[in-house]
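*Asks:* After the structure tokens below, expect a handful of questions from me.
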Amino acid sequence: MRETPRTNNPTQPEFWRSPLRGIRLTSVLGVVLLAGITLVTVTGLLSYAAYNPNLSPVNDKTPDKGLLGFYLFDWPTDPHWLYRLNQGLHVTVGIALIPVLLAKLWSVVPKLFALPPARSLGHALERISLLLLVGGVLFVFLTGVLNVQLEYVFPGSFYPLHFYGSWVFLGAFVVHVALRLPKALRVLRDRHTPDNDDESGDADGDKGGDKGDELVSPRPAEPTLSRRGALGMVGGGSLLLLATTAGQNFDGPLRRTALFAPHGGDEPGSGPNGFQINKTAAARGIRPVDTGAAWRLTLSGPRGDDIRLSRDDLLDLALHSAALPIACVEGWSTSDQWWRGVRLRDLAALAGFDPDRAAPDVLVDSLQLSGAFRRAALRDNQVRDARSLLALQVNGEDLSLDHGYPARIIVPAAPGVLNTKWVSRLDFGELR
Ligand code: HEM
Ligand SMILES: Nc1nc2c(c(=O)[nH]1)N[C@H]1C(S)=C(S)[C@@H](COP(=O)(O)O)O[C@H]1N2
Ligand SMILES: [Mo]
């Protein structure tokens, strides 16, 4: 029996000593990642469609997307909690996957150091795709988490970074899954594939069925944890992140369980306007003189002449109610709030359209002079929906300044970014 040599060189397989590594661990983690990343990918692509990026340059943060916008469709207004569910899943599942992702990378790290860097052209191509896979996944998760935690650390550039980064990662991911899934499934189906919980992987040189499993350490250290224990730790970590994040999608005591979420904790204040605020009026530079008695809403449409309405004029129109949530791209949401105001379709009619025959799109402008989300475009199906309001009140009281007084948009199933606050102008017409 020969003693396996010691080494300080990570390009040598002997350097990596954990007895937990092996194709089984990698396969279990891989299959969990496949399910999780598929869900995060689908909800991410849907979230992009929910912005209506192809409706107007005002909504489009990635004007150079070209073919990557191939699948865009008219985002529906039903069910009214659609975006709340979509984005809650995208962010919560993404965060809960982090321990699984790190464990998967740990399980294959010896292979990333292995030499020679390329044995053949095919091998070289595979290693380049692995670079894009590992770099891509770290980049996409990091930009996502930083955006949620710190809000726009990359001013103005989060969307293009996360969007294009995701497509690079996705390409490499599809290649990786196509190459490895068959093996992973075979390993998981075959109960006799040796793993490191059984006796066959010990250091005495008789590696039995481990032959060919390059992930198994040729010089394993004494185990301090079983593979099942390691998987338990990873799963426990995921559950902990899930339990300390998911609460940001609910109100009251549940929200206070969202310890790591910036929009967890107590709702701001109490009373009818005491629900989560994203950007306050002060943070967006909204001045009290602009929201006082002099405020007017300007409507434009095919009539030509602009129509100007005071808040009292709006209150004299037919008022309607709708119970709708605020659901932010950052993955927090409120439960349904009871909004009251003027239907967008009624305002379209004032501007000269017949929304029953053909509803127009609308470009919404606000009092905010600079910064993100001061303007947004809504599609005809959103204007037509009887629950889409220019809201003046919420939960039986006037809107607070921070929730958009004098008037804000609220649309069913739409992302928060389309629910413009401090509205000043609505231009109805065909946008696309
Ligand atoms: C973001 C996700 C993922 C990353 C970053 C990642 C990364 C890696 C890396 C770097 C390797 C080593 C490649 C080598 O040089 O042989 C590897 C191997 C492997 N991966 Fe993944 N992977 C991911 C997802 C998945 C998924 C979804 C599956 C399952 C379907 C999977 C199954 C495997 C398998 C079976 C191996 C082969 C181990 C071997 O043959 O020794 N991986 N992965
Ligand atoms: N004018 C303006 N409207 C805006 C925003 C903004 O920054 N400026 N933020 C949007 C975003 S990202 C969200 S999630 C919602 C949040 O609404 P709330 O603060 O009333 O909860 O408002 C939207 N409307
Ligand atoms: Mo948002």
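The values are calculated or read from the model by the stated rules, or taken from the named source; none is laboratory data. This is a predicted model, so every value here is computed, not measured. Reconstructed Cβ throughout: ideal geometry from the backbone, glycine too, with neighbour counts over all protein chains shown.
*Asks:* Could you list, in sequence order, the residues of region 100-135 that are within 10 Å of ligand 1 (Cβ to nearest atom) and assigned to a loop (DSSP other than H, G, I, E, B)?
*Replies:* Ala114
*Asks:* Could you list all residues from region 1-16 that are modelled with pLDDT of 90 or more and either aliphatic (A, V, I, L, M) or not in a loop (DSSP other than H, G, I, E, B) (or both)?
*Replies:* Of the residues in region 1-16, the ones modelled with pLDDT of 90 or more are 8-16.
If the condition is that a residue be modelled with pLDDT of 90 or more and either aliphatic (A, V, I, L, M) or not in a loop (DSSP other than H, G, I, E, B) (or both), then Pro13, Glu14, Phe15 are the ones that fit.
*Asks:* Only one of these conditions is not met by Leu344: (1) under 15 Å from Leu399 (Cα atoms); (2) away from ligand 3 (no atom under 16 Å from the Cβ); (3) in contact (Cβ under 8 Å) with a residue 60 or more places away in the chain. Which number is it?
*Replies:* Every condition holds for Leu344 apart from (1).
*Asks:* Turning to a different aspect of this structure: What is the one condition in (1) within 16 Å of ligand 3 (Cβ to nearest atom); (2) over 24 Å from the mean Cα position of the chain (by Cα); (3) under 22 Å from Arg308 (Cα atoms); (4) in contact (Cβ under 8 Å) with a residue 60 or more places away in the chain that Gly404 does not satisfy?
*Replies:* (4)
*Asks:* Here is a follow-up. Going through region 374-384 one residue at a time, which ones are touching a strand residue (DSSP E or B) at 6+ places or on another chain (Cβ under 9 Å), in contact (Cβ under 8 Å) with a residue 60 or more places away in the chain and within 23 Å of Phe73 (Cβ to Cβ)?
*Replies:* Restricting attention to region 374-384, the residues satisfying the condition of being touching a strand residue (DSSP E or B) at 6+ places or on another chain (Cβ under 9 Å) are 374-380, 382-383.
Within this subset, residues satisfying the condition of being in contact (Cβ under 8 Å) with a residue 60 or more places away in the chain are 374-379, 382.
Answer for region 374-384, where residues must be touching a strand residue (DSSP E or B) at 6+ places or on another chain (Cβ under 9 Å), in contact (Cβ under 8 Å) with a residue 60 or more places away in the chain and within 23 Å of Phe73 (Cβ to Cβ): Arg375, Ala376, Ala377, Leu378, Arg379, Gln382.
*Asks:* Scan the helices (runs of 4 or more DSSP H) fully inside region 291-388 and keep the ones with 1 or more residues being within 16 Å of ligand 2 (Cβ to nearest atom) and under 25 Å from His80 (Cα atoms). Spell out how you get there, then give the answer.
*Replies:* Working: elements: 311-316, 344-350, 380-384.
Per the criteria, 344-350, 380-384.
*Asks:* In addition: Quick check on my filter: what residues within region 328-363 are of a type in the set (A, V, I, L, M, F, W, C) and in contact with a helix residue (DSSP H, G or I) (Cβ under 8 Å, 6 or more places away or on another chain)?
*Replies:* The initial filter retains those residues of region 328-363 that are of a type in the set (A, V, I, L, M, F, W, C), namely 328-329, 332, 338-339, 342, 344, 347-351, 353, 358-359, 362-363.
Hits for region 328-363 are Cys328, Val329, Trp332, Val342, Leu344, Ala348, Ala358, Ala359, Val362.
*Asks:* Could you tell me which residue of region 4-37 is nearest to Ser238 (Cα to Cα), considering only residues that are more than 9 Å from ligand 1 (Cβ to nearest atom) and among the polar types (S, T, N, Q)?
*Replies:* Ranking the candidates gives Ser18 first.
*Asks:* Could you count how many residues in region 83-129 are among the acidic types (Asp, Glu) and either within 16 Å of ligand 2 (Cβ to nearest atom) or outside the structural domain of Ala49 (by TED's automatic domain parsing) (or both)? Reasoning before the result, please.
*Replies:* Residues of region 83-129 that are among the acidic types (Asp, Glu), as a first pass: 126.
In the following step, the residues that additionally are either within 16 Å of ligand 2 (Cβ to nearest atom) or outside the structural domain of Ala49 (by TED's automatic domain parsing) (or both) were identified as none.
Residues in region 83-129 being among the acidic types (Asp, Glu) and either within 16 Å of ligand 2 (Cβ to nearest atom) or outside the structural domain of Ala49 (by TED's automatic domain parsing) (or both): 0 in total.
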